[in-house]
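Everything on this sheet refers to the single structure shown next.
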Amino acid sequence: MSFFITLEGIEGSGKTTQIGFLADWLRQEGHEVVLTREPGGCPIADNVRAILLDPANSAMTSGTELLLYAAARAQHVAEVIRPALQRGALVLCDRFTDATVAYQGYARGLDRALIDSLNEVAAADCRPDLTLLLDLPVENGLDRALERIAATTGDREDRFERESLAFHNRVREGYLALSRQAPRRFRVIPADALAEDVATHLRQAVSAFLQEGGS
Ligand code: TMP
């Protein structure tokens with residue numbers, strides 16, 4: 001049986017490390033896992049990602065940003081996610097439609113109904129069965145994100161990392177609001193903890209979900 005699991009969180013929440021651990025564990029458990037991410041996940045969507053994150057594109061309007069996320073998602077769903085789910089794989093995706101509601105909706109202030117309809121066009125029948133939200137105070141997440149950037153790329157922050165603390169707080173509040181709107185789908189995992197403890201917590205949440213047959 002196929003499952004679609006997404007991982008969400010603010011900058012520096014440790015998503016990318018944790019989703020790698022989760023994929024390794026699920027493979028050891030015998031699942032065919034497709035590990036992917038948004039924006040991106042296939043060559044066309046990766047090109048759109050580069051445009052979206054390029055600090056040189058500071059003139060990009062919120063509407064353009066929203067349409068580009070939707071465009072990247074439509075391609076990613078058609079090329080990677082839907083085929084994987086159709087052949088019975090377990091898809092693990094680093095960010096998906098909830099990120100658009102949190103970032104472009106709650107943080108940028110774009111209309112929720114418009115975002116929901118674009119998400120519907122881009123994702124169609126591919127809706128997450130389970131969403132793991134890594135939650136921590138924004139200040140701690142940004143500290144981690146900036147340390148990572150300094151270590152890997154010198155000092156190049158992307159367009160989103162340059163946003164204000166208030167912006168990132170709206171993202172966090174947006175995610176938490178989404179988790180209250182869809183409590184059966186969301187599991188909120190405290191991420192201000194040791195990576196091993198967060199990994200254990202995530203495995204427990206996924207294991208319980210799979211044992212219940214994905215409900
Ligand atoms: P990442 O940090 O997970 O690599 O994601 C790149 C950035 O894209 C991150 O700042 C969040 C942002 N984003 C949106 O604003 N809307 C979206 O729909 C998605 C998928 C990501």
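Using only DSSP helix segments of four residues or longer, with each worth -39500 (n - 2.57), what per-residue ellipticity at 222 nm results for the chain after dividing by its residue count and rounding to 500?
The per-residue figure over the chain is -16000 deg cm²/dmol.
Any chance you could run the full-extension gain for Met1 through Asp125? It's 0.36 nm times the residue separation minus the Cα-Cα distance, nm to one decimal.
Values: separation 124, 0.36 × 124 = 44.64 nm, distance 1.59 nm.
Gain on stretching Met1 to Asp125: 43.0 nm.
Amide H of Phe186 versus every other amide H placed in the peptide plane: which residues, excluding those fewer than 5 positions away on the same chain, fall under 5 Å?
Under 5 Å from the amide H of Phe186 lie the amide H atoms of Thr131, each far enough along the sequence or on another chain.
Gain in length, Asp143 to Arg159, computed as 0.36 nm per residue apart minus the alpha-carbon separation, to one decimal in nm?
Numbers: separation 16, 0.36 × 16 = 5.76 nm, distance 1.61 nm.
Stretched fully, the Asp143-Arg159 segment lengthens by 4.1 nm.
Taking region 3-211, how much of its Cα-Cα pair set, in percent, is spaced more than 26 angstrom apart?
30
Want the number for Leu67 to Arg27: 0.36 nm per residue separation, take away the alpha-carbon distance, what's left? The partial results should precede the final answer.
On the way: separation 40, 0.36 × 40 = 14.40 nm, distance 3.43 nm.
Result: 11.0 nm gained on full extension.
I need the semi-axes of the equivalent ellipsoid of region 98-194: take the C-alpha gyration tensor, multiply each eigenvalue by 5, square-root it, list largest first in whole angstrom. If you can, show how the numbers build up before the last one.
Values: eigenvalues 127, 57, 34 Å².
For region 98-194, the ellipsoid semi-axes come out as 25, 17, 13 Å.
Rule-based calculations on the coordinates, nothing more; no lab input. Keep in mind it's a predicted model, so treat the numbers as computed, not measured.
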